[in-house]
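Below: the structure, in structure tokens.
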Amino acid sequence: MCGIVGYIGTRHAAPLLMQGLRRLEYRGYDSAGIATLENGSLFCERSVGHIDALKEKIGDQRPEGTIGLAHTRWATHGGVSEKNAHPHRACNDSLVIVHNGIIENYRELRAELQATHTFTSDTDSEVLAHLIEVEYQGDLRHAVARALKKVRGTYGVVVMHASEPERLIAARMGSPLVIGMGKGEYFVASDATPLLPYTKDVTYLDDGEIAELRRGEVRIYDLLEQSVQKNIHHIEWDDEQAQKQGYSHFMLKEIFEQPIVFRDAVRGRKIPEEGTAYLGGLNMSEPQMRAVSRVLFVACGTAYHAGMIGKYAFERLARIPCEVEVASEFRYRDCVLDENTLVFAISQSGETADTLAAVREARRKGAIVRGIVNVVGSTIARETDGGTYIHAGPELAVASTKAFTNMVAVILLYALQFGRLKHMSLAAGQEFLQAHFDISTKMEEVLQQNDEVARIAQRYVHYRDFLFLGRGINYPVALEGSLKLKEISYIHSEAYPAGEMKHGVNALLGPELPVLAVMTKNQLYEKMRSNVEEVRARGSKVILIATEGDTDARAIADDVIFVPQTIEALEPLLNTIPLQLFAYHVATLLGRDVDRPRNLAKSVTVE
Ligand code: M6R
């Protein structure tokens, strides 16, 4: 996730900004840059790689000035390169910006500006710099306000102009910015971490607000440029708490980020009027897509479970035969592939050794190979011939949560896109997108039950074994819930498709084995309900994930966590969240090292 830090005051800005960038490193980044202003002249330097690389690049140059801004970039639009790193300048070199977020209409804006402006990067952010330049008539705040009216998307943006050394302008829409109130100096940053050594008094910008930071004061305006009064908050956090934004663990923070990063994953990728999606990175023409006769997902761990959901979705929505395979098995199997097989390698890190080996093997055998990856510029992203970034931002907890939901989000859009090129009607596509529209709000509703899930976890924390059950598209959800519990609580658990119970697993049922069952209202509801009743009859405690309004659920369970109703294909996006929370609370109650569970690594780069 990109990071921003800006400063205006009486001290030398560059060292403060460089330290601020270091304190933002935990967010993950692939390039960095800094700009300061002294005597009407802008200093700007950018570099790919670590902050040390930027420091080296600056070398003996001494960036002067008591005002400046800096940025760490996590690439989204445009590859990892110096030209795409921030700050971005407009044409006349007087204006610089740093930007977090995504400008959705940047293509249209860029096309309009291209006749009169020279672009030097591939980013959406640079468009914003040129837009502000167009609007600039001697007052930077007005120019920013006017330019932002033309923009669709999200931004946390900080702007500086060579002719206005006495102020920094910052604005927010969907991408957080916090202002640090020092004495005669002010800071602005994407989170509080860089500010903490200097001040703990902060003001949070809300969406649609523009801040003007001067050496003596900060003023805040709305987009209509009316003054807004804001409260000052005193932060009690230490550094680590600040990085976790007040959450007790990165895992919990990442679970709670899911509604936001889900929006990032799907933003600009849906075409409601055509009832379809468009994932440009696929790099396939429509005839090539129609010629795909088989889809194969290869992945490991949580990413494999996302692939299993992909199998259900692709066969249902796109009517294309689909398989999913653990990468460590695939790479040594004599898998039959041809030029009409589309292989998707799914990976958060993009570095998993087995998944990478599977990519190489599939390419060798002539399949079409694409990536569904989180980390931009990672090896799998580079070695596949296209694909899609899931935009989950850095995931620091070893247990994958937000990357999983974003993998599923992207796979579902692919299933829709392929479906609409094959059998799916416009009406069916639109119905899917209609249900898709409020998924992030529904995710927020699920998260509101965190306290209730914590209470339930308390009642079950002493058990040594758990069984997770699901059917259809919720079977992989059960597998994922079970994996989460295992890896962070060290409690043994298994997951089964509920219809398989009679073939052996029923023997385990009894008071010592609680069962978590996903029993939401879909085509398999009645079947699942019978399975749950059988489990209960054999003495196991039952925790249900059920659909809001299902009045029968309480009668057949010991505990119920309700989730909002949605269409079946989208259920995993909601149903997984309570299981993540359950695992989290059990693990914290047991005093486990939730973010760094024993024997596990975030990125498995060895076989
Ligand atoms: O980086 P990847 O998505 O390729 O990683 C795959 C697995 O190692 C990963 O999902 C692992 O299972 C997680 N610890 C699950 O939480």
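The values are calculated or read from the model by the stated rules, or taken from the named source; none is laboratory data. Since this is a predicted model, take the numbers as computed values, not measurements. Here the Cβ positions follow ideal geometry from the backbone for every residue, glycine too, while neighbour counts run over all protein chains shown. Side chains included, ligands, DNA and RNA excluded: accessible areas come from the protein's heavy atoms. Shrake-Rupley method; radii C 1.70, N 1.55, O 1.52, S 1.80 Å.
With an 8 Å cut-off on Cα pairs and a minimum separation of 6 or more residues, tell me the relative contact order of the range 131-255 in percent.
Contact order relative to length: 19 percent.
Residues of the range 449-607: accessible area per residue at 1.4 Å, in Å²?
I get 40 Å² per residue for this part.
Give me the percent of the accessible area of the range 373-423 that comes from carbon and sulfur atoms, probe 1.4 Å, all protein chains in place.
Ligands and nucleic acids excluded, carbon and sulfur give 47 percent.
Can you find, among ALA318, LEU21, ALA546, the residue sitting farthest towards the positive end of the charge dipole of the chain, where Lys and Arg contribute +1 and Asp and Glu -1 at Cβ?
The residue sitting most towards the positive pole is ALA318.
Could you give each residue of the range 251-258 its phi-based ³J(HN,Hα) in whole Hz, using Karplus coefficients 6.51, -1.76, 1.60 with θ = phi - 60°, and x for Gly or Pro?
Values per residue, Gly and Pro as x: 4, 5, 4, 5, 4, 6, 6, 4 Hz.
LYS442: which lysines have alpha carbons under 27 Å from its alpha carbon, excluding same-chain residues fewer than 8 sequence positions away?
Cross-link targets: LYS244, LYS253, LYS270, LYS311, LYS402, LYS484, LYS486, LYS521, LYS527.
Rounded to the nearest 10 degrees, what's the angle between the helix 426-437 long axis and the longest principal axis of the chain, both from Cα atoms, 0 to 90?
Here the helix axis deviates by roughly 70 degrees.
Compute from the Cα atoms of the chain the Rg and the Dmax, the latter being the longest Cα-Cα distance, and quote both in angstrom.
Gyration radius and largest Cα-Cα distance of the chain: 25.3, 80 Å.
Taking the mean number of other Cβ atoms within 10 Å as a proxy for protection, how do you rank 335-347, 131-143 from highest to lowest?
With the highest mean Cβ count within 10 Å placed first, the list reads 335-347, 131-143.
How would TRP74, TRP237 rank on accessible area, largest to smallest, probe 1.4 Å?
Ranked from most to least accessible, the order is TRP237, TRP74.
Counting Lys and Arg as +1 and Asp and Glu as -1, what is the net charge of the other residues whose Cβ lies under 9 Å from the Cβ of HIS492?
Local net charge: 0.
Quick check on packing: order 305-314, 166-175 by the mean number of other C-beta atoms within 10 Å, highest mean leading.
Those peptides, ordered most packed to least, come out 305-314, 166-175.
Take the alpha-carbon centre of the range 1-25, take the same for the range 505-530, and report the distance between them in whole Å.
What the calculation gives is 53 Å, centre to centre.
Hand me the trypsin sites (Lys or Arg not before Pro) from the range 401-497 located in a DSSP loop with no more than 10 other Cβ atoms within 10 Å, in residue order please.
ARG464
Over the chain, what is the relative contact order in whole percent, taking alpha-carbon pairs under 8 Å and six or more residues apart?
About 11 percent, as a whole number.
Would you mind getting the accessible area per residue of the range 244-437, heavy atoms of the protein chains only, 1.4 Å probe, in Å²?
35
What is the magnitude of the charge dipole of the chain about its Cα centre, with +1 placed on the Cβ of each Lys and Arg, -1 on the Cβ of each Asp and Glu, and no other charges, expressed in debye to the nearest 20?
Result for the chain is approximately 620 debye, rounded to the nearest 20.
Could you work out the relative contact order of the range 449-607? I mean the mean sequence separation of Cα pairs under 8 Å and 6+ apart, divided by the number of residues, in percent.
This gives 29 percent for the range 449-607.
Summing +1 for each Lys or Arg and -1 for each Asp or Glu, what net charge is found among the other residues whose Cβ lies under 15 Å from the Cβ of MET528?
The answer is -2.
What residues have an amide H closer than 5 Å to that of VAL228, excluding those fewer than 5 places away on the same chain, when H is modeled at 1.01 Å from N in the peptide plane?
ILE220, TYR221, ASP222
Would you kindly calculate the translational diffusion coefficient of the range 244-437, applying Stokes-Einstein with the Kirkwood radius from alpha carbon pairs, for 37 °C and a viscosity of 0.692 mPa s, and quote it in µm² s⁻¹ without decimals?
It comes out at roughly 197 µm²/s.
Could you check how much of the accessible area of the range 3-241 is carbon and sulfur, as a whole percent, using a 1.4 Å probe?
45
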